[in-house]
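What follows is one structure encoded as structure tokens, with my remarks underneath.
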2 protein chains.
Amino acid sequence: MNAIGEGWFSEISEMWPGQAASLKVKSVLHKEKSNFQDIIVFESETYGKVLVLDGVIQLTERDEFAYQEMITHVPLCSHPNPKRVCLIGGGDGGVIREVMRHECVEEIYMCEIDERVLEVSKAFFPKVSEKLINNPKLKLFHCDGAEFLKREQFKSGFFDVIIVDCSDPVGPAESLFGRDFYESAQAALNQGGVLCAQAESMWLHLDIIADMAAFISEINFKNVEYSYTMIPTYPSGSIGFFVCRKGDDKSCSSQPRVLSEEASNNVTYYTPQIHCASFVLPKFAHKAIYKHL
Amino acid sequence: MNAIGEGWFSEISEMWPGQAASLKVKSVLHKEKSNFQDIIVFESETYGKVLVLDGVIQLTERDEFAYQEMITHVPLCSHPNPKRVCLIGGGDGGVIREVMRHECVEEIYMCEIDERVLEVSKAFFPKVSEKLINNPKLKLFHCDGAEFLKREQFKSGFFDVIIVDCSDPVGPAESLFGRDFYESAQAALNQGGVLCAQAESMWLHLDIIADMAAFISEINFKNVEYSYTMIPTYPSGSIGFFVCRKGDDKSCSSQPRVLSEEASNNVTYYTPQIHCASFVLPKFAHKAIYKHL
């Protein structure tokens, strides 16, 4: 078992010891070492093109919609009228594509530490990255997301929605999983604003998620919840998000704003019903996460 | 990549081409060829003991609860007072364990084609198979499940709930995925009775599921729905069930009967809330399955 051997890519990591998901490789299209991480793109036998960062699958053409739609539409539809959105990470552009389905959004500040991820996505994943190009609403920054959110400009509530689409807490995204980051994010949100941050798998990292729930509950969010999506090519087949609202305690799990007809026609996973259902957790996960909330 | 090599077990199959889930093997505990299939039990590094039939993971000690609880409590809690239950397959005994949490159940007819699966489960998975032993409510049969349900005794409504806990449609379970089987199951249910049958993954076999929905909709069930559970060690991380009610069109997706306090305390995945949420499908799956229903 090695990263790419005998025609298969295997995702082996200390973050999920004893298990590995593998995809059959048709051809390796690109390999590079950026300033921040190893980047691989390969054409798989049955999942289309695949983007791998530091040995971990970030997206496949076959199932990327599940993650991109849920991490975007759950927070955006939890806000009555999001105008200013911040995206931390998300260099592949999939979240930007989904944010752009909300016509009310006027400005998107995107901070992706690794410029090379955008370039690779533009080169190999045109359908994912399409809204990274010629997008007058997009303001692009390449720096550490945790530092970015601390800027004076944002400090007293600037964004309606903040989305944190990052990789795992080992590597360049580490700073995005700590209390300090959540405090900056809280400060940078308007009253009623919503933070949605990638928060690992309840099947693998319930201890990390519960620890995060504990410190998030001490920050001045009025409502903190956990939502998830199925996604076959992420470890253990699903991934979750903290969804936190500042300023009022209205739950994000019910009565979402409805997507426009055009947007509804163009999504593959998201519906208002799945929005609500995504907050309903298996008993073991609910118990571990909500004991702090 | 081979079934057990270099310390890993890899699940490779034509049913999910181009992908494979692997678990690290501590030691192989048992290997045999029964009259029906290859049976392997191994101790894994991080998922406890694992049961493999014909190269496909049937259960791991770490996540078996998700499947066993959902395939059992969703139909049983959809029935106001289930007294007579039929289980087709389920040789490991996990479903029987869950059925026994419902004190109202008086008789369980279990038909498992391969007696060896029970024996292997009793030997290696005592916590899964505990209710296979000294269980006065259990009536055990070893024959083809499709033939079993056609018995004269059952033909005009005999069971309150029928659960089909089978392996994939390639191998001994093939006959359990056809129209003929669903017709026999329909006949063997009382008015208001509920069938819950394993029905593959929406991420891998939506075409098979949609075809099944088409023929099930032509049979005289009054209500047909599709529910799912996450389960990390099944291909693509989730598996679904057809949940069909005979005799009245009351949906199984709302207002489930509540488990006893003792049962509620002893389950790990199932709650009334997850019961309802399990019927809410991502848009692409809903569209494909319900176009026939």
Seminar exercise, completed: Here the residues within the range B:6-42 that are of a type in the set (D, E) and surrounded by 20 or more Cβ atoms within 10 Å (Cβ to Cβ) are B:E11
Exercise. How many of the residues in the range B:50-63 are outside any strand (DSSP E or B) and under 11 Å from the mean Cα position of the chain (by Cα)?
Worked result: 0
Exercise. On the given criteria, is A:G240 of a type in the set (G, A, S) and either open to solvent by 20 Å² or more (accessible area, probe 1.4 Å) or without any contact (Cβ under 8 Å) to a residue 12 or more places away in the chain (or both)?
Worked result: no
Exercise. Limited to the range A:267-293, what total is found for residues that are buried (at least 21 other Cβ atoms within 10 Å of the Cβ), facing another protein chain (nearest Cβ under 7 Å) and assigned to a helix (DSSP H, G or I)?
Worked result: 2
Problem set entry | Test: residue in the range B:79-89 that is open to solvent by less than 10 Å² (accessible area, probe 1.4 Å), free of Cβ contacts under 8 Å to residues at least 40 places away in the same chain and either more than 21 Å from B:E64 (Cα to Cα) or of a type in the set (G, A, S) (or both) | no
Problem set entry | Filtered residues of the range B:11-39 (kept if more than 7 Å from chain A (Cβ to nearest Cβ) and under 18 Å from A:G18 (Cα atoms)) | B:E11, B:I12, B:V25, B:K26, B:S27, B:V28, B:L29
Problem set entry | Complete set of residues in the range B:124-156 that are touching a residue at least 60 places away in the same chain (Cβ under 8 Å) and assigned to a loop (DSSP other than H, G, I, E, B) | B:F125, B:L149
Problem set entry | Any chance B:Q68 is part of a strand (DSSP E or B) and closer than 30 Å to B:Q273 by Cα | no
For this session: Scan the range A:127-145 residue by residue and report those that are surrounded by 22 or more Cβ atoms within 10 Å (Cβ to Cβ) and either under 24 Å from A:N81 (Cβ atoms) or touching a Phe, Trp or Tyr at 6+ places or on another chain (Cβ under 8 Å) (or both).
Result: A:G145
Exercise. From the set of residues in the range A:157-170 that are under 16 Å from the mean Cα position of the chain (by Cα) and part of a loop (DSSP other than H, G, I, E, B), which is modelled with the lowest pLDDT?
Worked result: A:V170
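Just the residues that are more than 28 Å from A:F284 (Cβ to Cβ) and either touching a residue at least 40 places away in the same chain (Cβ under 8 Å) or surrounded by fewer than 21 Cβ atoms within 10 Å (Cβ to Cβ) (or both), please, taken from the range B:217-227. Outline the logic, then answer.
So in the range B:217-227, the residues more than 28 Å from A:F284 (Cβ to Cβ) come out as B:217-224.
Once the filter is applied, which keeps residues that are more than 28 Å from A:F284 (Cβ to Cβ) and either touching a residue at least 40 places away in the same chain (Cβ under 8 Å) or surrounded by fewer than 21 Cβ atoms within 10 Å (Cβ to Cβ) (or both), the range B:217-227 yields B:S217, B:E218, B:I219, B:N220, B:K222, B:N223, B:V224.
Here is a yes/no grid of residues against (1) within 13 Å of another protein chain (Cβ to nearest Cβ); (2) open to solvent by 40 Å² or more (accessible area, probe 1.4 Å); (3) farther than 30 Å from B:L204 by Cα; (4) not hydrophobic (A, V, I, L, M, F, W, C):
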position: A:A199; (1), (2), (3), (4): no, no, no, no
position: A:D207; (1), (2), (3), (4): no, yes, yes, yes
position: A:T229; (1), (2), (3), (4): yes, no, no, yes
position: A:K250; (1), (2), (3), (4): no, yes, yes, yes
position: A:L259; (1), (2), (3), (4): yes, no, no, no
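The values are calculated or read from the model by the stated rules, or taken from the named source; none is laboratory data. Nothing here was measured: the structure is a model prediction, and the numbers come from that model. FYI the Cβ positions are ideal-geometry reconstructions off the backbone, even for glycines, and counts take in every protein chain you see. Please note that ligands, DNA and RNA were not included when accessible areas were found on the heavy atoms of the full protein model with its side chains. Shrake-Rupley method; radii C 1.70, N 1.55, O 1.52, S 1.80 Å.
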